[in-house]
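The values are calculated or read from the model by the stated rules, or taken from the named source; none is laboratory data. Values in this document were obtained by computation on a predicted structure and should not be read as measured data. Cβ: placed from backbone, ideal geometry, glycine included. Neighbour counts: every protein chain shown.
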Amino acid sequence: MSEIRNEERAAEFERWWRLRGVWVEEANQRRGGESGVMRLPPAEPDGPPLYLKRQTGHLCRSAAHPFGRPTILRELEAYQAFARLGIHTPKVIYGAARQSENGWEALLVTEALQGFAPLEEWFARNHDAAEKAEMWRRLAETLARLHSAGWQHGCCYPKHIFVRLETESPPRIEIALLDLEKSRRRLLAFRASAHDLGQLARHRGAIPPEELVFFQDAYRRAREQYAARKKSLRAKDRKLL
């Protein structure tokens, strides 16, 4: 049975590997290999389009993997961790890696987000003050949750933060995070926070600085709330001992 499963996994990888679509990020040379992203048709007639990231020899190294492993495998771990935290990301359809005569080859297939827009594009639209304030609060809560759990996005640019507005009263905002290739654990939450918030501030584009100040205040309050919850849980644990 294990041989059959291995053959099935190999066949599935090969099927995805042979697919070709429209390049949205041309394959480029970095990290000693090649990486690019293609747009594919929907898997189902009424489904969203797919994005296929295809890599050859595109490796990251760490103490646990001194000889390197595909960055897609690290990205898959981040997708799984973010999902456990309740953070919205694109749905993963397929992800795997194999070693061939050409070295490491890896694939990641995700669904396109429906109804979302990149942060800077969303902000440029005609949203009222209540909608903007709710968007910043939701983003602050999302990043505070991520950092409090010891995770760093690693590429926290407006183009990797997506926003969807549900026209309700009060407005309901959803935040999604994309491009988790550089996401990783940090021992100290404040380092994750400083890195991601610094990136967002430096690459804010046309977003006015006063809007970023509102976000930073909302983020500080959210982090304080998470810290208070952790402290309360530790106190409860001590009482149970």
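Answer with yes or no whether Ala194 is assigned to a helix (DSSP H, G or I), within 20 Å of Trp122 (Cβ to Cβ) and of a type in the set (A, V, I, L, M). Can you show your working first?
Numbers: assigned to a helix (DSSP H, G or I): yes; within 20 Å of Trp122 (Cβ to Cβ): no; of a type in the set (A, V, I, L, M): yes.
So Ala194 fails the test.
Looking only at the range 151-191, filter to residues that are modelled with pLDDT under 95 and either small (Gly, Ala, Ser) or not assigned by TED's automatic domain parsing to the domain that holds Phe215 (or both); which one of those is nearest to Val92 (Cα to Cα)?
Ala189
The conditions are (1) surrounded by fewer than 20 Cβ atoms within 10 Å (Cβ to Cβ); (2) over 21 Å from Gly205 (Cα atoms), and Ala133 fails exactly one of them. Which is it?
(2)
Limited to the range 195-211, what total is found for residues that are loosely packed, with under 15 Cβ neighbours inside 10 Å, modelled with pLDDT under 95 and of a type outside the set (D, E, K, R)?
4
State the number of residues belonging to the range 137-150 that are more than 16 Å from Ala227 (Cβ to Cβ) and crowded, with 23+ Cβ neighbours inside 10 Å. Walk me through it before giving the result.
Here is the first cut: in the range 137-150, the ones more than 16 Å from Ala227 (Cβ to Cβ) are 137-139, 142.
Within this subset, residues satisfying the condition of being crowded, with 23+ Cβ neighbours inside 10 Å are 142.
So the count comes out to 1.
So Ser35 clears everything in (1) buried (at least 18 other Cβ atoms within 10 Å of the Cβ); (2) touching a Cys at 6+ places or on another chain (Cβ under 7 Å) except one condition, right? Which one?
(2) is the only condition that Ser35 fails.
Return yes or no: is Glu121 of a type outside the set (A, V, I, L, M), part of a helix (DSSP H, G or I) and either more than 30 Å from Pro208 (Cα to Cα) or at pLDDT below 95 (or both)? It would help to see each step written out before you state the result.
On the way: of a type outside the set (A, V, I, L, M): yes; part of a helix (DSSP H, G or I): yes; either more than 30 Å from Pro208 (Cα to Cα) or at pLDDT below 95 (or both): yes.
Criteria met by Glu121.
Give the range 175-194 a look and list any residue that's of a type outside the set (Phe, Trp, Tyr) and either more than 15 Å from the chain's Cα centre (by Cα) or more than 22 Å from Ala63 (Cα to Cα) (or both), or say none. Spell out how you get there, then give the answer.
Taking the range 175-194 and keeping what is of a type outside the set (Phe, Trp, Tyr), we get 175-189, 191-194.
Matches in the range 175-194: Ile175, Ala176, Leu177, Leu178, Asp179, Arg186, Leu187, Leu188, Ala189, Arg191, Ser193, Ala194.
Would you be able to tell me the number of residues in the range 38-48 that are under 20 Å from the mean Cα position of the chain (by Cα) and loosely packed, with under 15 Cβ neighbours inside 10 Å?
Restricting attention to the range 38-48, the residues satisfying the condition of being under 20 Å from the mean Cα position of the chain (by Cα) are 38-40, 48.
Still in the list and also loosely packed, with under 15 Cβ neighbours inside 10 Å: 39.
Total meeting the criteria: 1.
Quick check: anything in the range 89-109 under 30 Å from Asn6 (Cα atoms), outside the structural domain of Ile207 (by TED's automatic domain parsing), touching a residue at least 60 places away in the same chain (Cβ under 8 Å) and in a helix (DSSP H, G or I)?
Within the range 89-109 (the criterion being under 30 Å from Asn6 (Cα atoms), outside the structural domain of Ile207 (by TED's automatic domain parsing), touching a residue at least 60 places away in the same chain (Cβ under 8 Å) and in a helix (DSSP H, G or I)), the answer is no, since none of the residues qualifies.
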